[in-house]
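Colleague: My structure is below; once you've seen it, I'll send some questions.
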Amino acid sequence: ANHRQNLDRCLSGLSSCDLSQLTPAELNSVADSAKKRNFTKCMSGSSTCDPTRLSKEEAVTVKEEYHHRNLAKCLSVSPSCDPLSLSKSELQQVRTAFHQKNVDECLRGAANCDPTALSEKERAEVKAAAKRRHVDDCRSNLPACSPLDCPASDAAEVQAARHTGNREHCMRGLP
């Protein structure tokens, strides 16, 4: 039972493994297991990967996987993206993704929006979205609302929402 437990520890790569207790066949199994664990670590991008222990074929596979992971990071506009390892066409894909993320941020009124990177059409869409958000704020009787900035077409609805909100505050004894 002790021998089997030691073998299991060795196959799992645990430091409590006693290699001196293993047969030559078991040592080969342990070495194969260690190579497989290392390959798995390399494929997942682990910092504990030892690339010097990879076969040529494994190294090619790991490099391809790194490239795919990096491209995915770049397309999701991750700060850990390495743009220098991208091809020209991949870099263009990333630029498009980055631009679209900026448009989305601008449309939702985020502080990290860069309006200078928007086209005229996108700027018009962003302005329209900002007006809709403002009207929604007014309809919801939020403090950010400035009724004077609402379009005339929404004025009656905004006024009714403010009146309803004021009535509810009065009924609850709020200022």
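The values are calculated or read from the model by the stated rules, or taken from the named source; none is laboratory data. Not measured: the values here are computed from a predicted model. Note that each Cβ is placed from the backbone with ideal geometry, even for glycine, and that neighbours are counted across all protein chains shown.
Colleague: Identify all residues within the range 78-116 that are of a type in the set (A, V, I, L, M, F, W, C) and assigned to a helix (DSSP H, G or I); write none if there are none.
Modeller: Matches in the range 78-116: Leu84, Leu91, Val94, Ala97, Phe98, Val103, Cys106, Leu107.
Colleague: Identify the residue in the range 93-118 that is closer than 10 Å to Leu75 by Cα, out of contact with any Pro (no Cβ under 9 Å at 6 or more places or on another chain) and of a type in the set (A, V, I, L, M, F, W, C) and, among all such residues, is surrounded by the fewest Cβ atoms within 10 Å (Cβ to Cβ).
Modeller: Ala97
Colleague: Just to verify a result, which residue in the range 3-44, among those that are among the small types (Gly, Ala, Ser) and not in a helix (DSSP H, G or I), is surrounded by the fewest Cβ atoms within 10 Å (Cβ to Cβ)?
Modeller: Ranking the candidates gives Ser15 first.
Colleague: Restrict the check to the range 65-77 and report whether at least one residue is assigned to a helix (DSSP H, G or I) and either more than 18 Å from Gln93 (Cβ to Cβ) or among the acidic types (Asp, Glu) (or both).
Modeller: Yes, because at least one residue in the range 65-77 is assigned to a helix (DSSP H, G or I) and either more than 18 Å from Gln93 (Cβ to Cβ) or among the acidic types (Asp, Glu) (or both).
Colleague: Over 30 Å from Glu122 (Cβ atoms) and either within 19 Å of the chain's Cα centre (by Cα) or at pLDDT 95 or above (or both) - does that describe any residue in the range 90-97?
Modeller: Checking the range 90-97: not a single residue is over 30 Å from Glu122 (Cβ atoms) and either within 19 Å of the chain's Cα centre (by Cα) or at pLDDT 95 or above (or both).
Colleague: Next up: Which ones in the range 45-64 are in a loop (DSSP other than H, G, I, E, B) and either in contact (Cβ under 8 Å) with a residue 24 or more places away in the chain or among the aliphatic types (A, V, I, L, M) (or both)?
Modeller: Gly45, Leu54
Colleague: Being exposed (fewer than 13 other Cβ atoms within 10 Å of the Cβ) and within 30 Å of Gly13 (Cα to Cα): is that true of Pro79 here? I'd like the intermediate steps shown before the answer.
Modeller: Working: exposed (fewer than 13 other Cβ atoms within 10 Å of the Cβ): yes; within 30 Å of Gly13 (Cα to Cα): no.
Answer is no for this residue.
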